[in-house]
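Visitor: Following this message is one structure expressed as structure tokens.
The values are calculated or read from the model by the stated rules, or taken from the named source; none is laboratory data. Only a predicted model underlies this, so the values are computations on that prediction, with no experimental measurement involved. Neighbour counts run over all protein chains shown; Cβ positions are idealised from the backbone, glycine included.
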Amino acid sequence: MDRCIVLVDAGYLLGAAASLLAGEPSRSRITVDHTALVQGLRERAESDTERPLLRIYWFDGAPDRVPQPEHRRLRVMPRVTVRLGALTRSDGRWAQKGVDAAMHAELTELARNRACSDVVLVTGDGDLLPGMMAAKEHGVAVHLWAVQAADGDYNQSEDLVAEADERRVLDRAWITKAVRAKEVSGICAPPPVPRPEIAAILSAPLPESALAAAAERSVQETEHHQAAETQNGSQERVPASKGVPTPKDLAALRGPGTQPAQHPANATLRWSSDKGWVDRPGTATESPEAAALPTLAQLTSAEQRWADREEDITTVGGDPYEVGQVFARRWMGRLTDPAHLQKLSAMYPRVPHRVDGELLRYAARFGLLAHKDDQIDEHDRYAIRAGFWREIDVRTETEHAPVGE
């Protein structure tokens, strides 16, 4: 039939885009506007093949084949079908399993059933060569698209390139309409003046007790390594102390059982537990004002919860800063007592524990907290909170702005 179909290997497309824009193939280094990307693929395919689009098949890997946030957004887009293979980790690297086989099966089945006259392949894997040859034998024209290589060389199988009927390179100008590199330094967007940079929260000095504990731990480690060298005759290097208590240090300070802590009663952990301490007046428990603040879940009706889910899938891009803004807008928009907003604003830069936990759990829906080493990404957490405070500031500044401004 006189229709075109697009088969996209997302691992190739987004990995090559990351190499082109960010210098490395890690997809965590780029932000993707999937709506714009799908629309761009559709327009280019219809233009190149001079056939109307039947469907775009999006092939990608996912842990345990469980759809990730980007897959959920793609699945609800018109003319898009998502096919998921497995995503496994080996030797510290993620690898797709079953994606090539799924693309091969879909390609040959579509050609055998004459579901289209033209197929566009966005891939670089030579494993698809048999499927491409089978499609051609069934009278289907095969268009092969490549992403511009960062080094100007080929990033596709040479055999695949040779067998294709038509070829196209998606250059930087086309890619950047829907994909951009993430900022690698600092917060995604600066917090408003006159408040300090979010990173300044980490600059408070350590209490003497924490420094003493770290020094004692360093001495113990040195003695341990010296004893090991004496026994084994090795020259193992003794690691230097970081000068800041780690989570293990914090546990040691409290001691076994219910022993009291050896740090000041008014000391509490920073946002990041491995960055040390920061002092604040009062006790280490949540203040009555903070405990009285309602959570977003308490302010959200069942109808609003459904609308939020639809917005998350179709509209929210997943950028950490944007996620913090979206959460803050919803929380402020559903407050029944304006005094709560003033109480929260006065607590800057510390997000109350109940609200902060809910904010990070919301961000986790977008896969923002999964670091490459399976640890929480501190940069993303700071950006999420920066977006949250920025939106709070916008509302409070608007409410207190003089008439005429």
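Visitor: Pull out all pairs, ordered by first then second residue, where Cβ-Cβ is under 6 Å, the residues are six or more apart or on different chains, the first lies in region 287-301 and is assigned by TED's automatic domain parsing to the domain that holds Ala339, and the second is outside any helix (DSSP H, G or I).
Guide: Ala290/Pro352; Leu293/Pro352; Leu299/Arg334
Visitor: When the residues of region 56-70 are narrowed to those that are within 16 Å of the chain's Cα centre (by Cα) and in a helix (DSSP H, G or I), which ends up surrounded by the fewest Cβ atoms within 10 Å (Cβ to Cβ)?
Guide: Pro63
Visitor: May I ask you to list the residues in region 1-35 that are touching a strand residue (DSSP E or B) at 6+ places or on another chain (Cβ under 9 Å), among the acidic types (Asp, Glu) and not in a strand (DSSP E or B)?
Guide: Hits for region 1-35 are Asp2, Asp33.
Visitor: Identify, by number, the condition in (1) of a type outside the set (Gly, Ala, Ser); (2) at pLDDT 80 or above; (3) within 26 Å of Pro69 (Cα to Cα) that Arg365 doesn't meet.
Guide: (2)
Matching residues to (1) under 21 Å from Met132 (Cβ atoms); (2) basic (Lys, Arg); (3) modelled with pLDDT under 90; (4) buried (at least 19 other Cβ atoms within 10 Å of the Cβ):
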| site | (1), (2), (3), (4) |
| --- | --- |
| Arg73 | no, yes, yes, yes |
| Val80 | no, no, no, yes |
| Ala105 | yes, no, no, no |
| Glu109 | yes, no, no, no |
| Arg112 | yes, yes, no, no |
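Visitor: Select, from Leu37, Leu84, the only residue that is in contact with an Asp or Glu (Cβ under 8 Å, 6 or more places away or on another chain) and surrounded by 19 or more Cβ atoms within 10 Å (Cβ to Cβ). Spell out the reasoning first.
Guide: Values: Leu37 fails: in contact with an Asp or Glu (Cβ under 8 Å, 6 or more places away or on another chain).
Testing whether each residue is in contact with an Asp or Glu (Cβ under 8 Å, 6 or more places away or on another chain) and surrounded by 19 or more Cβ atoms within 10 Å (Cβ to Cβ) leaves just Leu84.
Visitor: Any residue in region 321-343 that is assigned by TED's automatic domain parsing to the domain that holds Arg309 sitting within a Cβ distance under 6 Å of a residue that is surrounded by fewer than 22 Cβ atoms within 10 Å (Cβ to Cβ) and among the charged types (D, E, K, R)? List the pairs, counting only those 6 or more apart or interchain.
Guide: Within 6 Å, the pairs are Gln325/Glu391; Ala328/Glu391; Arg329/Glu391; Met332/Arg395; Lys343/Glu289.
Visitor: Which count do you get for residues in region 109-141 that are over 21 Å from Gly61 (Cβ atoms) and of a type in the set (Ser, Thr, Tyr)?
Guide: So the count comes out to 1.
Visitor: Go through region 326-353 residue by residue and tally those that are closer than 25 Å to Phe366 by Cα, among the charged types (D, E, K, R) and not in a helix (DSSP H, G or I).
Guide: Of the residues in that region, 2 qualify.
Visitor: Another question about this same structure. Say we look at region 156-175 and pick out the residues that are among the β-branched types (Val, Ile, Thr) and within 21 Å of Glu46 (Cβ to Cβ); which of these is nearest to the chain's Cα centre (by Cα)? Talk me through it step by step, then tell me what you get.
Guide: So in region 156-175, the residues among the β-branched types (Val, Ile, Thr) come out as 161, 169, 175.
After this cut, where a residue has to be within 21 Å of Glu46 (Cβ to Cβ) as well, the list is 169, 175.
Numbers: Val169: 28, Ile175: 19 Å.
Across region 156-175, the extreme among qualifying residues is Ile175.
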